[in-house]
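Q: Okay, here's the structure, questions in a sec.
The values are calculated or read from the model by the stated rules, or taken from the named source; none is laboratory data. Quick caveat, the model's predicted, so the values are computed rather than measured. Note that each Cβ is placed from the backbone with ideal geometry, even for glycine, and that neighbours are counted across all protein chains shown. These accessible areas exclude ligands, DNA and RNA; they are computed on the full protein's heavy atoms, side chains included. Shrake-Rupley method; radii C 1.70, N 1.55, O 1.52, S 1.80 Å.
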Amino acid sequence: MSATTVTPTGYVAGTWKADLTHSDVSITARHFMVSKVRGHFNDFAATIVTAENPLDSTVTATIQAATIDTRNETRDNHMRSQDFLDAANYPEITFQSTGLRAAGEDYELDGNLTIHGVTHPVTLELELSGIGPDAYGGTRLGVSARTSVLRSDFDIKWNAVMETGGAVVSDKLDVRIEIEAVLEKPEA
């Protein structure tokens, strides 16, 4: 954090767990190069550990690959197959942060993303939405994150080519994450 950056309002050092009812992890790919198709993962876990110095905070996340939901059962089954996520052999997608830095009023979160058994570094653009009390006497934290990855970097190379030469599914995936986390253990 730069010398001019201020600790966020309501900031609490401690351990936070994602509230899945109020969180979302999604991917978007171009389809037939004319539209976008979105998929959401229905089962994931995320732990955020906020440190006394906010830039020392860490994030770990695990997504169950088989829970991809594009609202089309045939497509979902194809996504789970060896052509894409190969969920039977690689049931989890994981993220482990390696660093956090200020980027204007927002942050950049670096980490290692593992998909399909292959790990690559990624940077998430991170926005802290807020920290505050909830209706149950607890404390909640909201963050939004986004990045883009190439499926081919994770050895997911299936594709069909259209007669016009374009790909049926884009190599680039846009990743969007909305997390509402509950403070489980404040730092003593």
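Q: Please go through (1) crowded, with 17+ Cβ neighbours inside 10 Å; (2) among the hydroxyl-bearing types (Ser, Thr, Tyr); (3) under 22 Å from GLU127 (Cβ atoms) for TYR11 and return the number of the only condition it doesn't satisfy.
A: The failed condition is (1).
Q: Identify, please: which residue in the range 122-162 is surrounded by 14 or more Cβ atoms within 10 Å (Cβ to Cβ) and in contact with a His (Cβ under 6 Å, 6 or more places away or on another chain) and is, among those, modelled with the lowest pLDDT?
A: Here the answer is ILE156.
Q: Taking the range 24-58 as the search range and keeping residues that are in a loop (DSSP other than H, G, I, E, B) and farther than 27 Å from ARG101 by Cβ, which one is least open to solvent (accessible area, probe 1.4 Å)?
A: Top of the filtered list is ASP43.
Q: Follow-up question, since we're still on this one. Just to be sure I understand, how many residues within the range 59-79 are surrounded by 15 or more Cβ atoms within 10 Å (Cβ to Cβ) and in a strand (DSSP E or B)?
A: Adding up the residues that qualify gives 7.
Q: State which residue pairs qualify: first residue free of Cβ contacts under 8 Å to residues at least 12 places away in the same chain and closer than 30 Å to GLN82 by Cα and inside the range 109-138, second residue loosely packed, with under 15 Cβ neighbours inside 10 Å and of a type in the set (S, T, N, Q) in any location, beta carbons under 8 Å apart, and separation of 6 or more residues or different chains.
A: THR119/ASN112
Q: Does LEU109 satisfy the criteria of being closer than 17 Å to ALA51 by Cα and of a type in the set (A, V, I, L, M)?
A: So LEU109 fits the description; yes.
Q: Kindly list the number of the only condition in (1) in a loop (DSSP other than H, G, I, E, B); (2) more than 26 Å from VAL118 (Cβ to Cβ) that fails for ASN89.
A: (2)
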